[in-house]
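The structure under discussion appears below in the form of structure tokens.
All of the numbers you see were taken from the coordinates with simple rules; none came from a lab. Values in this document were obtained by computation on a predicted structure and should not be read as measured data. Positions of Cβ are backbone-derived with ideal geometry, glycine not excepted, and every protein chain shown enters the neighbour counts.
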Amino acid sequence: MNKLSSERRYMAIHLPFLPAEWRIADGVAPPESPFALIEKQRGALRIMALSPAATALGLRPGLALADARALVPELPAYPHDPEADRAVLMRAVIACERYTPMVAPDGADALVLDLTGCFQIAGWTQETIADDARSRLARLGLRGRAAHATTPDAALALARFGTRNVEDLPVAALDLGDEAHLALCRAGLRTIGALKSRPRAPLAARFGRDLSARLAGLLGEEDRRITPHRPAGTIRAEYRFAEPLMTVSPLLDVIERLAQRLEGTLAERGAGGRRFDVALFRTDGHVARLTVTCGRPLRDPQAIRGLFAERLESLADPLDPGFGYDMARMVVPLVERLESQQPDLAEEGNARGQPDLAPLIDRLAVRFGPRSISRFQPRDEHLPEYADRAVPPESASAAWPRPEPGEPPLRPLFLYDPPRRVSVVAEVPDGPPRRFVWRGKPYRVVRHEGPERIAYPWWKHPEGRGPTRDYYRVEDETGQRFWLFRHGLYGRENEHPQWYLHGLFA
Amino acid sequence: MGGALGLGVPDVDRWLQGGLRRDGVHEFYAPPDGEGAGASAFALLVGRLICGADLPLIWLRKDRGSRRERPYAPGLAELGIDPDAVFLVGLRDLSDLLVATAESVRHGGAGAVILEIQGRARLLDLTASRRLALAAERSGTAVLLVRRSARPVASAAHTRWQVSAAPSPALPANAPGPPVFDLQLLRQRGGPEGLHVQLEWNREQAVFRTPIYGDPSAVPAGGMADRGRRRAA
């Protein structure tokens, strides 16, 4: 059997006492004493997890609390909280992202790291990573057992069962369920090594097809890639600090340096980043994340620094270095084509009087959110309120219809969306408005033009029908100009058509 | 850039000693009892004149989530302002707006930056407006402050105006005509104040001019119907 994945390297860490240990770390439960975490199941309190001390006394999860107390009287018990356990596991996952961006949780008590290709970059070995990870997890109060292998399945099984070789693993590592497990043991097949030498087809026929797949995974014949907690970018750079950074001020220099390292990679690909993620790893396992997005592809380190400066300034919670940051990573998850610009071309653009607003737009977007800046684009829609739309500022330019020469503005500068109801007095029910009351204030119409009839676009909504709108441009005695419409044709569509104020003219 | 923007009416430009500074701060107050659209429109038109055909115009105002009206691009086009040149910045509160305004002015890429504010706006004090004036001088970008529902307060503005809509010269069949603005020069740094004029915006020639009021009743009947038909087409 040739190993398909011999060049890949995974590390798994099993955290067997995670539910008990975080309670100890939080000061909820006493250290080094036996206690149980229980849940009510079918009317009985059952043990879901145990502290290391309780395990040492021979207790096992699954036991009823009453039975356990027969063995260990007055065994303290706390409610089982899988959600909190999960949150702690995710903290461990995040803390391990310093070694590789490819980290995934596995089950409730383990995590697996894809370390492939990580050794050359960082100058780590698998042993130094395992040691460092164990001591970092210990700071979270967790005791972990690490193991390395060429597949995630094998690494996880080795970590869980604490064996050195895959062949020494018990068949329970196949995780096929109690029945299959028992059957394998009865057949005298107790270890993976024993199974390995057997022909696969009869095994699969007898113990189920899952067995082959699981076995292939453990033996490194099949590589199940892990789905990392956070999708990894291939364009990334890291910076490890000899001394943890205790203040925020040097961070921008670090970010600029990371951007400088990535500049070449991006230039080689003829690309620029549309998004930059920076992760700041704190010595205590906390990770701060900063993200900036820009309207156009970017790779100029100074510009990237500027955007992060904006981001840092606009943080609602300022960064807290605590015990210090000891690593920073920049990932560019989103890239777009960016040709190398010739400097004289750029200058020519300026000479033509078209200055580049893009840096400003990027900064405003980083600071206030990408939706805070927009441009207008025309839409070929019949109802006035749909005739324009807001688009991102980097959208292509659009040509707007030119107004007819000699006509006054026929569309208002401001639109009420939705239109506001007003009460109108007209001389005749289908005539122009004479007076109207808007927010309690009366207006006397001295000039008007209309109606401009805008029908409900029935051709678009064959089933839906809306009233026709009769629009009037009106001017009051002070010179204020309004856009009003009567909703529904009097007598035909509506006995008492409502009036609406739709806009304000200059 | 620098220089002055003449509004196109000789009397007015003489009063302004040549026109509005292109690198200055100008305030346009809407009358407290009006809807205020006129002040915004006038500031936009001044901005349009400063920006010309090449420079973008940045328009900052409170987020569209508010219950106020929203800028309507077809209406901008109808005033002769190319909506394509306008960048709209909608932000949550005044402090964000002031930061973004200062940033936009400092950048220098826009011809004019319009900040539209509703109400008293305590944050926009003398210091804040001085800062804007300095930034405007440095970058050559005009700052146009539109103040709706607000009483004039001390500021570092180069000119301060009260702008309201004025009756338009009627078109045939007593239809509202092109926009006319009633302008009162409340303050001019280093110059006379008290000017009170009415200016009509001529879209085709992109100039302000003194409106000429004719007698709408002299227009033959039926013109209205023709106009209506043409527009409906």
- Message: Can you tell me, using C-alpha contacts under 8 Å and at least 6 residues apart, the relative contact order of the range A:135-237 as a whole percent?
- Response: 28
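Report the rotationally averaged projected area of the range B:115-206 based on its alpha-carbon convex hull, in square nanometres. Write out the running numbers ahead of the final one.
Working: hull surface 31.2 nm².
Averaging across all directions leaves 7.8 nm² for the Cα convex hull.
Which of rounded, prolate, oblate describes the range B:14-106, given a ≥ b ≥ c as roots of the alpha-carbon gyration tensor eigenvalues and a/c under 1.5 marking rounded, otherwise prolate only if a/b is larger than b/c?
Working: a/c = 1.29, a/b = 1.27, b/c = 1.02.
Taking the square roots of the gyration eigenvalues as a ≥ b ≥ c, the range B:14-106 is rounded.
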- Item | Percent of alpha-carbon pairs separated by more than 32 Å within chain A | 64
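Under the definition of partner shielding as Cβ atoms of other protein chains within 10 Å of a residue Cβ, what is the mean value for peptide B:9-20?
Details: counts 0, 0, 0, 0, 0, 0, 0, 0, 0, 0, 0, 0.
Average per residue, whole number: 0.
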- Calculate one ³J(HN,Hα) per residue across the range B:20-31 by plugging θ = phi - 60° into the Karplus curve 6.51 cos²θ - 1.76 cosθ + 1.60, and present them in order as whole Hz with x for glycine and proline. 7, 4, 6, 10, x, 9, 10, 10, 10, 8, 7, x
- Item | Size of the range A:133-172 as Cα extents on the principal axes (Å, biggest first) | 33, 18, 13
- List the aspartates and glutamates whose alpha-carbon lies under 18 Å from that of A:LYS441, not counting same-chain residues fewer than 8 positions away? A:GLU475, A:ASP476, A:GLU477, B:ASP33, B:GLU35, B:GLU69
- Excluding residues fewer than 8 places away in the same chain, name every one of the aspartates and glutamates whose C-alpha is closer than 13 Å to that of B:LYS62. B:ASP93, B:ASP96, B:GLU116
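When only Cα pairs under 8 Å and 6 or more residues apart are kept, what is the percent relative contact order across the range B:29-159? Before the final figure, lay out the partial values.
On the way: 216 pairs, mean separation 44.1, N = 131.
Dividing the mean separation by the residue count of the range B:29-159 yields 34 percent.
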- In whole angstrom, note down how far apart the Cα centers of the range A:132-197 and the range B:169-197 are. 86
- Once both labels are modelled 7 Å past Cα along the beta-carbon direction, what's the A:ARG139-A:ARG190 spacing in nm? 4.3
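Count the net charge of all other residues whose Cβ sits under 15 Å from the Cβ of A:ARG69, scoring Lys and Arg as +1 and Asp and Glu as -1. Mind dumping the intermediate values first?
On the way: positive: A:ARG46, A:ARG60; negative: A:ASP67, A:GLU74.
Taking every other residue near A:ARG69 into account, the sum is 0.
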- Taking Lys and Arg as +1 and Asp and Glu as -1, residues besides B:ARG187 with C-beta under 12 Å from its C-beta add up to 0
- Can you pull the Rg over Rh of the range A:88-221, Cα-only, Kirkwood? 1.03
- Note on the structure: On the formula 1/(1 + (r/R0)^6), with r taken between the Cβ atoms of A:ASN165 and A:ARG86 and R0 of 41 Å, the FRET efficiency rounded to 0.05 is 0.85
- Query: Distance in nm between label sites at A:ASP175 and B:GLN205, each 7 Å beyond Cα in the beta-carbon direction?
  - Reply: 8.3
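If you stretched the chain out fully between A:GLU427 and A:GLU385, how much longer would it get, using 0.36 nm times the residue separation minus the C-alpha to C-alpha distance? Could the numbers behind the result be given before it?
Values: separation 42, 0.36 × 42 = 15.12 nm, distance 2.80 nm.
Gain on stretching A:GLU427 to A:GLU385: 12.3 nm.
Could you give the length gained on full extension between A:ALA399 and A:THR291, defined as 0.36 nm per residue of separation minus the Cα-Cα distance, in nm?
Values: separation 108, 0.36 × 108 = 38.88 nm, distance 3.40 nm.
Working it through step by step, the gained length comes to 35.5 nm.
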- Task: Calculate the length of the line joining the C-alpha centroid of the range B:33-86 to that of the range A:482-502, in whole Å.
- Result: 28
- Hey, rough spin-label estimate for A:ARG444 and A:SER197, points 7 angstrom out along Cα→Cβ, what's it come to in nanometres? 11.1
- Query: Using the alpha-carbon centroid of each, what span in Å lies between the range A:232-264 and the range A:358-375?
  - Reply: 24
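Let me check I've understood the local charge: for A:PRO19, count other residues with C-beta under 13 angstrom from its C-beta, Lys and Arg +1, Asp and Glu -1. What total comes out? Show your work: numbers first, answer last.
On the way: positive: A:ARG23, A:ARG86, A:ARG143; negative: A:GLU21, A:ASP26, A:GLU39, A:ASP81, A:GLU83, A:ASP85, A:ASP109.
Taking every other residue near A:PRO19 into account, the sum is -4.
Round to the nearest 0.05 the FRET efficiency obtained for A:SER249 and B:ALA53 when R0 = 56 Å and r is the Cβ-Cβ distance.
On the way: r = 44 Å, r/R0 = 0.79.
Using R0 = 56 Å, I get an efficiency of 0.80.
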- Query: At a Förster radius of 25 Å, what calculated FRET efficiency corresponds to the Cβ-Cβ distance of B:GLN17 and B:ARG122, to the nearest 0.05?
  - Reply: 0.20
